[in-house]
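Encoded as C-alpha cells, the structure appears first; notes follow it.
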C-alpha cells in the first residue's frame, strides 16, 4: 500500500461513511456557481476548530438553516435570524461564525464580479500529485492571496488555511494523493 492510502483512498477518507462519500464524490472536484462556492466557504469557516465529520453530519441542517446557501437570501438575514440560528441545535451555534456567514453573503452580493470568477482567479497551475500526507500543504501563496482579497472585499473567517481548504474542496487544486482512486475521477 502506498503511504497515505487506505483502500485506494487518501488517508483521511476511510474512517466514516460520510468521509468516503465526500472524498469519492465531491472533494477536489471543480465547483462553479456562486451559491455552491459560498456554501463551501461557509462550511469551511464553521469547521475551523472542529472535526470535518461534524460539519458533514450537520450539512443538511446547515442548508436548511441558511436558506440553501442562496447568497441573496442569506444577505437579507437580520438579528432575528442570528437568534434563530443561535437556537438551532442542528448546526454549530457559534455567534461569530453565524455573523460571519451573513456578512460573507452580503459581501458576495456586493461583488463587482461573480464570486465564482473571483475565487477561480486564484487557482494555481496544476502541480504534481502529492505522494504522502505531509506533501499536502495547509496554505499556499494562492490561498494567502485569496484570503487577503476576500477580506479586502468584506469577507470574514476566511484566513489562508480556510481559503486553502475551500480551494481543495472546490477543485481549484487536486490534493488527492498519487494513486488515489479519486485523483482522476475513478
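Would you check which residues across segment 59-71 are buried (at least 18 other Cβ atoms within 10 Å of the Cβ) and assigned to a helix (DSSP H, G or I) and list them?
62, 65, 69, 71, listed by residue number.
Tell me which residues, restricted to segment 115-134, are surrounded by 15 or more Cβ atoms within 10 Å (Cβ to Cβ) and in a helix (DSSP H, G or I). Step through it out loud before you land on a result.
Taking segment 115-134 and keeping what is surrounded by 15 or more Cβ atoms within 10 Å (Cβ to Cβ), we get 115-116, 118-120, 122-123, 129-130.
Matches in segment 115-134: 115, 116, 118, 119, 120.
Of all residues in segment 138-167, which are assigned to a loop (DSSP other than H, G, I, E, B) and surrounded by fewer than 21 Cβ atoms within 10 Å (Cβ to Cβ)?
Filtering segment 138-167 down to residues assigned to a loop (DSSP other than H, G, I, E, B) leaves 138-140, 153-159.
138, 139, 140, 153, 154, 156, 159 - these are the residues of segment 138-167 that are assigned to a loop (DSSP other than H, G, I, E, B) and surrounded by fewer than 21 Cβ atoms within 10 Å (Cβ to Cβ).
Regarding residue 109, is this residue more than 13 Å from the chain's Cα centre (by Cα), surrounded by 15 or more Cβ atoms within 10 Å (Cβ to Cβ) and closer than 19 Å to residue 174 by Cβ?
So residue 109 fails the test.
What's the total number of residues in segment 14-58 that are out of contact with any helix residue (DSSP H, G or I) (no Cβ under 7 Å at 6 or more places or on another chain) and either in a loop (DSSP other than H, G, I, E, B) or within 17 Å of residue 98 (Cβ to Cβ) (or both)?
So the count comes out to 9.
Tell me which of these residue 128 doesn't satisfy, since it passes every other one: (1) at negative phi; (2) under 19 Å from the mean Cα position of the chain (by Cα).
Unmet for residue 128, out of (1) at negative phi; (2) under 19 Å from the mean Cα position of the chain (by Cα): (2).
Those residues that are surrounded by fewer than 22 Cβ atoms within 10 Å (Cβ to Cβ) and assigned to a helix (DSSP H, G or I), I need them from segment 168-186; list them, please.
168 - this is the single residue of segment 168-186 that is surrounded by fewer than 22 Cβ atoms within 10 Å (Cβ to Cβ) and assigned to a helix (DSSP H, G or I).
Bear in mind that the values in this text are calculations on the coordinates, not laboratory data. If you're wondering where the values come from, they're calculated on a predicted model, not measured in any experiment. We place every Cβ from the backbone using ideal geometry, glycine too, and count neighbours over all the protein chains shown.
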